[in-house]
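Read the figures in this text as sums done on the coordinates, not as results from a lab. Keep in mind that what you see is a predicted model, and the values were worked out from it rather than measured. Counting neighbours? That spans all protein chains shown, and the Cβs are built from the backbone with ideal geometry, glycine included.
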Amino acid sequence: MKEDVLDVLMYLFENYMDDDIAMEADPETLKIQLREAGFLNTEINKAFTWLEDLSVLQEGTAAHALQAGRSMRVFSPLEEKKLDVECRGFLIFLEQMGVLNAASRELVIDRIMALETAEIDLDQVKWVVLMVLFNQPGLEEAFIWMENMVMDEFHQPLH
């Protein structure tokens, strides 16, 4: 059985991202489909809560966009514990490349910290970035860039 909230989120994203009908379906129907795919009820419920929280945060961010400016993000000790140097560096890289802005960066960090895992690896960070960018108004090009990166790496055959 798959037991990780991020696994549920990734499954939803991979299987329903382009399927407007499925995403507009009754959440209970989606939950049944997830259970049939082998996910646990507790993880499914946590994933739906994670998505609902993301939606609320995105609405607040759209209304109160942060100023990008020349500020520097300092990670808290808890964030440093969960995000290793490679992950933190990747987030900084994405911001410098214009894929993330200050507001979307904070959403990504918030959603990473909301995951109940002690540590998160770079591939998982990429998926969270992709999920955050998915519904961000004005960041469609950044989403496409990130989607290409994640999907190309995800679908590479093993050697």
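Below is a table of values for the structure above.
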item	result
Local net charge near residue 74, Cβ-Cβ under 11 Å (Lys/Arg +1, Asp/Glu -1)	0
Amide proton proximity set for residue 120, modelled H, under 5 Å, gap of 5+	84
Per-bin percent of Cα-Cα distances, region 5-154 [10 Å]	10, 40, 37, 11, 1
Ordering of 127-133, 5-11 by packing [mean C-beta count within 10 Å, highest first]	127-133, 5-11
